[in-house]
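Student: Supplied in structure tokens, the structure appears directly below.
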Amino acid sequence: MSCLRKIRTMVSKGPFALLAVVLGAAFVGAVSLQLVERELITRTGVSLALGAAEVAGKLEVMFLERDGDIQVLAAAPQVRGADPVTIRAHLEAVQRAYPVYSRLAVVDRSGHVVASTDEGLIGMDLHQASWFQSVWHVPRVHAETISDSGRRGGALMAVVFSAPIKGADGTFLGAVMTEVDRALWYRLVEETVNQFSMQAKNFGTVHYQVLNAEGSLLLTSEQGDRGENLQMAGLQSALKVTTGRSGYVEEEHPIRKVPIISGYARMSGARSVTALQWGLLVRADHEDVLASVRSLLIKLGLGGMVGFLLMLTAIFWAGVSQRKEHERSMQAERSLRESEMRAGSVIESALDAVVMMDREGRIIEWNRPAELIFGWSRQEALGRNLGETIVPPTLREAHAKGVKHYLATGEGPVLNKRIEITGLRKNGSEFPVELTIIPIKLEGTTIFSAFLRDITERKAMVKQLEEGAVYFRMLSELLPLSLFELDAQGRCLYRNRALQRLLGEWHEDSLITADGSVVASSWTEWICDDDRKSVAEAWSFMLGTMAPIHLESRLALPGSEPCWVQLSVWPLATDSGLRYLGVMEDITVRKKTIAHTMQLMHHGRFELRTLGEARHLAELLAYAFPDPSRTQLGLTELLVNGVEHGSLKLSYTEKSALLKAGTLDHEIASRLALADYAQKRVRVSLDRTETALRMSITDDGEGFDWNQYLDLDSARSTDLHGRGIAMAKAISFDKLDFQGCGNQVVASVSLKGINADAWPEGVRKVA
């Protein structure tokens with residue numbers, strides 16, 4: 001009531017007093033609006049800078065993954081000294097496993113392409129290509145961008161990664177190249193920026209530009225960008241991003257000539273990525289950011305006009321004016337709160353702990369993951385000294401000196417890098433963390449944004465592996481199984497006594513050093529020449545899928561017949577790089593016993609239902625034939641066809657579609673579980689005479705047009721299946737007869753001139 005009396009008194013003094021009130025209110029409102037707008041711009045700039053840093057971080061992770069891929073690919077035994085067909089098969093397997101690559105190629109030491117997933121490259125001379133020249137003169141991983149050829153610094157077309165292929169003595173044998181086209185980079189950047197835009201919806205439309213190290217435009221979300229060099233054009237954000245620090249600037253859009261806010265960040269660079277170091281610009285229009293505040297101003301102006309017209313009575317005018325002033329204050333407060341929420345949305349959505357510190361060392365931001373990792377709540381952490389909160393006592397002096405040194409010189413050896421360090425929890429316990437610190441310049445001051453990740457479990461796992469390795473070596477020497485360890489290139493690092501006894505003294509000098517630990521040659525030298533192709537294919541599959549392999553193979557032992565082994569290899573990622581653990585079991589006696597037993601069979605009847613049963617039966621029945629390795633291929637194909645196309649009624653077209661989609665196994669399992677297929681069986685009979693072995697296979701299907709599959713058809717050469725019957729006819733059997741509608745087939749092998757009694761040790765290829 002006292003306030004109203006004062007206003008009434010002022011109104012009674014005349015129009016001059018009224019004018020003073022109006023002008024005073026306008027001045028206060030203008031000043032308040034300026035403060036709100038400036039605060040909103042500041043917080044928007046911080047958010048855009050964090051968004052740019054997030055995009056840069058994701059790009060760098062993608063680069064580092066590709067860097068690791070090509071190192072493994074260049075070290076694979078399949079690309080060193082193999083025939084072009086084997087190399088291409090390996091490259092195609094890698095491409096299927098990693099579809100990010102648009103094409104892969106291997107060139108010899110002269111620069112000629114010997115194998116590629118792109119048939120048009122095969123035979124081309126690429127010795128003048130910049131990537132080949134780079135790995136030739138400096139034998140290490142190299143990465144570079146390929147841009148539009150029509151202009152300097154044109155739009156990104158692809159990123160090429162290359163690595164040298166080295167011999168055992170380190171000589172340059174050639175190079176491997178992988179290419180990732182721009183679609184992947186566009187998708188990665190756009191998804192990250194779109195997610196950021198959805199979280200910060202009040203920023204309006206958020207655009208991005210990706211620049212190379214020289215400032216030329218590589219990727220952009222804006223129509224009309226000419227691809228010019230933004231650094232040479234003098235754009236502030238493009239110039240500032242070269243410093244390697246994150247931040248934001250207010251500037252004029254180079255094309256649309258409107259005020260914008262630009263957040264910027266730069267990839268820190270590591271390994272081959274150092275040659276790229278792209279810069280990221282994330283922009284929002286001034287007008288879009290301030291739209292809500294400007295709308296408030298219009299509303300307040302209109303409200304003032306209405307209030308002025310209603311000044312017929314001083315009391316009523318005073319009431320309206322007071323109410324409008326209150327609404328303006330509340331709206332400004334809400335706008336400020338919304339801007340804070342937008343700035344914090346990126347931080348709170350992060351998976352890692354995000355901690356921000358001002359130049360005095362006080363904590364100014366502390367997200368939910370930070371609460372979980374360190375044990376301090378947000379309310380407890382804000383305002384505390386960071387060094388006394390999460391830095392162990394032994395590291396606090398170094399932490400303080402590092403901050404002081406950066407503020408004085410602008411240099412910091414651990415900034416913009418991913419490092420491992422020790423952190424401190426609220427309860428006083430210390431633990432290992434992975435840390436990245438990014439300094440951000442804001443309006444004449446500096447804040448530090450830290451991203452932290454608890455790596456306690458990772459370290460514990462590594463320690464367990466290291467400790468387990470000691471026990472593994474001790475145990476492996478006592479086991480009867482043959483054990484060995486390989487490095488990423490397939491070279492044997494360790495083999496136990498059982499394997500040493502199995503191999504004898506063969507290749508002793510080239511396989512093991514004096515201390516018995518490091519072996520120079522590839523483990524594939526143990527394998528018989530006839531089996532190396534199948535082993536290489538299995539190895540390629542393991543490299544592409546990181547799944548273990550299990551197969552049977554023969555070892556080439558000097559002075560004696562090859563021995564059969566059951567071979568298993570498991571991939572294992574360690575801090576020292578990729579490793580492989582292998583197990584061999586000598587199954588030569590088992591093979592001979594099975595062969596001799598199957599030779600005694602003159603008549604046999606079998607029924608099967610699943611693919612697993614089909615493959616196991618094919619492996620067993622193959623030993624009834626003179627050449628099991630040749631016969632097993634055809635038997636497997638015929639029995640699998642009986643299950644898939646006969647019992648389960650999978651058509652050729654259906655199987656093609658399921659293979660392409662990668663869902664064939666799922667569909668087969670689903671059909672086997674249905675009551676309609678529960679009673680379906682494939683029946684097999686074997687009959688031996690003095691002159692021939694006959695295998696009859698009958699399924700419960702409706703048959704098929706078998707004539708078109710008896711021979712290899714060029715029209716189906718690119719299909720994912722459909723060649724098994726032709727291969728069985730050509731390789732596995734002397735005669736193949738389909739009967740009736742095609743649901744019965746008889747496969748025959750002649751025994752003329754073969755002494756059956758000699759099979760186990762002579763004609764039969766089991767040893």
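The values are calculated or read from the model by the stated rules, or taken from the named source; none is laboratory data. Everything numeric here is computed off the predicted structure, so don't read it as measured data. Here the Cβ is made from the backbone with ideal geometry for all residues, glycine too, and neighbour counts use every protein chain on show.
Student: Are any of the residues in the stretch 106-118 modelled with pLDDT under 85 and not basic (Lys, Arg)?
Tutor: Looking through the stretch 106-118, none of the residues is modelled with pLDDT under 85 and not basic (Lys, Arg).
Student: Further question on the same structure: Checking the condition closer than 20 Å to Phe541 by Cβ, part of a strand (DSSP E or B) and outside the structural domain of Trp523 (by TED's automatic domain parsing), which residue from Val85, Val100, Val106, Val114 passes?
Tutor: Answer to the check: Val106.
Student: Mind checking which residues of the stretch 649-670 are within 18 Å of Gly724 (Cα to Cα) and outside any helix (DSSP H, G or I)?
Tutor: Across the stretch 649-670, the qualifying residues are Lys649, Leu650, Ser651.
Student: Could we say that Ala400 is within 15 Å of Met357 (Cα to Cα), surrounded by fewer than 16 Cβ atoms within 10 Å (Cβ to Cβ) and either of a type in the set (A, V, I, L, M) or outside the structural domain of Ala53 (by TED's automatic domain parsing) (or both) here?
Tutor: Yes.
Student: (1) loosely packed, with under 15 Cβ neighbours inside 10 Å; (2) under 19 Å from Ala158 (Cβ atoms); (3) at pLDDT 85 or above: which one isn't true of Tyr101, the others all being true?
Tutor: Every listed condition holds for Tyr101 apart from (1).
Student: Against the definition (crowded, with 17+ Cβ neighbours inside 10 Å, without any contact (Cβ under 8 Å) to a residue 60 or more places away in the chain and among the hydrophobic types (A, V, I, L, M, F, W, C)), how does Ala673 come out, yes or no?
Tutor: No, not satisfied.
Student: Moving to a separate point now. In the stretch 574-607, how many residues are loosely packed, with under 14 Cβ neighbours inside 10 Å and part of a loop (DSSP other than H, G, I, E, B)?
Tutor: Qualifying residue count, the stretch 574-607: 4.
Student: Show me the strands (runs of 3 or more DSSP E) found entirely inside the stretch 354-444 where at least 2 residues are in contact with a Lys or Arg (Cβ under 6 Å, 6 or more places away or on another chain).
Tutor: 363-366, 430-442
Student: Right, here's the next one. If I go through the stretch 165-180 residue by residue, how many of them are on the phi < 0 side of the Ramachandran plot and part of a strand (DSSP E or B)?
Tutor: Looking only at that region, the number is 10.
Student: Sticking with this one: What is the residue count in the stretch 54-100 for residues that are without any contact (Cβ under 8 Å) to a residue 24 or more places away in the chain and closer than 19 Å to Val160 by Cα?
Tutor: Result for the stretch 54-100: 5.
Student: Please name all residue pairs, on different chains or six or more residues apart, with Cβ atoms under 6 Å, provided the first residue is in the stretch 530-552 and is within 16 Å of Ile587 (Cβ to Cβ) and the second residue is among the charged types (D, E, K, R).
Tutor: Listed pairs, sorted by first residue: Asp531/Arg554.
Student: A follow-up question, please. Working carefully through the options Ser32, Ser47, find the one that is of a type in the set (Gly, Ala, Ser), within 30 Å of Ile260 (Cβ to Cβ) and either at pLDDT 80 or above or buried (at least 20 other Cβ atoms within 10 Å of the Cβ) (or both).
Tutor: None of the other options fit; the residue is Ser47.
Student: Take Arg554 and tell me if it is assigned by TED's automatic domain parsing to the domain that holds Arg495, closer than 26 Å to Val640 by Cα and in contact with a helix residue (DSSP H, G or I) (Cβ under 7 Å, 6 or more places away or on another chain).
Tutor: Answer is yes for this residue.
Student: Criterion first (over 30 Å from Leu572 (Cα atoms) and aromatic (Phe, Trp, Tyr)) does Phe448 satisfy it?
Tutor: yes
Student: Is it true that Ala183 is in the same structural domain as Tyr101 (by TED's automatic domain parsing), in a strand (DSSP E or B), modelled with pLDDT of 80 or more and of a type outside the set (S, T, N, Q)?
Tutor: So Ala183 fails the test.
Student: Determine, yes or no, whether Gly383 is at pLDDT below 85 and more than 25 Å from Lys459 (Cβ to Cβ).
Tutor: Answer is no for this residue.
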